[in-house]
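Take a look at the structure set out below.
The values are calculated or read from the model by the stated rules, or taken from the named source; none is laboratory data. As the structure is a computational prediction, the values presented were derived from the model and not from experiment. FYI the Cβ positions are ideal-geometry reconstructions off the backbone, even for glycines, and counts take in every protein chain you see.
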Amino acid sequence: MEKISMKNILAEVEVSSSISLEDMARKLSAVIGWTTFEREDSGRFEEVPALVAKDNNSGMTFVLFGIPEGETCDAYTLECSAETELSIPEFGRRLPRFMSDIFIDKDVNARGYFDYSDDLANALSANGISATKSAP
């Protein structure tokens, strides 16, 4: 394992857009268990509608990206990110069970991130939300 002081954690998955963005956010909140998604109206994601959920205990942020107006797509994108100086096991202990089970030690990817996309997709799918790793 590569030893670095700041760990940049990232996961990006696609979830079905067969229900509204708000309904998907409620479904994700129920599965994740500790957070509520709120509409992001600051203009940070002006090209697409987005809902954001943050966990102050761990620093974890989820962004659920909708589909741009006038476009059609069969999936929303869910991005999960955090920066931490904690070890991966310690970081995982600060999260509720659903999330803590995802974080295992692994190598940093070519972009310098600990990529948990496959892990998040598998965990969501196991909890009834069809999810796949986003294409690079």
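Only residues that are touching a strand residue (DSSP E or B) at 6+ places or on another chain (Cβ under 7 Å), modelled with pLDDT of 90 or more and charged (D, E, K, R) were counted across the stretch 1-38, and they come to 3. At pLDDT 85 or above, of a type in the set (Lys, Arg) and closer than 15 Å to residue 10 by Cβ - does that describe any residue in the stretch 116-133? Yes, because at least one residue in the stretch 116-133 is at pLDDT 85 or above, of a type in the set (Lys, Arg) and closer than 15 Å to residue 10 by Cβ. Using the structure shown, decide if residue 13 is touching a helix residue (DSSP H, G or I) at 6+ places or on another chain (Cβ under 7 Å), among the β-branched types (Val, Ile, Thr) and within 22 Å of residue 106 (Cα to Cα). Against the criterion (touching a helix residue (DSSP H, G or I) at 6+ places or on another chain (Cβ under 7 Å), among the β-branched types (Val, Ile, Thr) and within 22 Å of residue 106 (Cα to Cα)), residue 13 qualifies. Looking at the stretch 64-72, is at least one residue more than 12 Å from the chain's Cα centre (by Cα), part of a helix (DSSP H, G or I) and farther than 15 Å from residue 36 by Cα? The answer is no; no qualifying residue exists. Out of 47, 85, 69, report the one residue that is more than 18 Å from residue 12 (Cβ to Cβ), without any contact (Cβ under 8 Å) to a residue 24 or more places away in the chain and surrounded by fewer than 16 Cβ atoms within 10 Å (Cβ to Cβ). The match here is 69.
Looking only at residues that are touching a helix residue (DSSP H, G or I) at 6+ places or on another chain (Cβ under 9 Å) and β-branched (Val, Ile, Thr) in the stretch 36-87, which one is farthest from residue 7 (Cα to Cα)? The qualifying residue farthest from residue 7 (Cα to Cα) is 67. Could you list, in sequence order, all residues of the stretch 106-135 that are surrounded by 15 or more Cβ atoms within 10 Å (Cβ to Cβ), in a loop (DSSP other than H, G, I, E, B) and either touching a Gly at 6+ places or on another chain (Cβ under 9 Å) or not aromatic (Phe, Trp, Tyr) (or both)? Those that are surrounded by 15 or more Cβ atoms within 10 Å (Cβ to Cβ), in a loop (DSSP other than H, G, I, E, B) and either touching a Gly at 6+ places or on another chain (Cβ under 9 Å) or not aromatic (Phe, Trp, Tyr) (or both): 108, 127, 129, 134. One residue stands out among those in the stretch 93-113 that are of a type in the set (Phe, Trp, Tyr) and touching a helix residue (DSSP H, G or I) at 6+ places or on another chain (Cβ under 7 Å): the one that is farthest from residue 29 (Cα to Cα), which is 103.
In the stretch 21-35, of all residues being surrounded by 11 or more Cβ atoms within 10 Å (Cβ to Cβ) and farther than 27 Å from residue 89 by Cβ, the one that is nearest to the chain's Cα centre (by Cα) corresponds to 25.
Screening 103, 98 for residues that are within 11 Å of residue 9 (Cβ to Cβ), touching a residue at least 60 places away in the same chain (Cβ under 8 Å), not aliphatic (A, V, I, L, M) and not in a strand (DSSP E or B) leaves exactly one candidate, 103.
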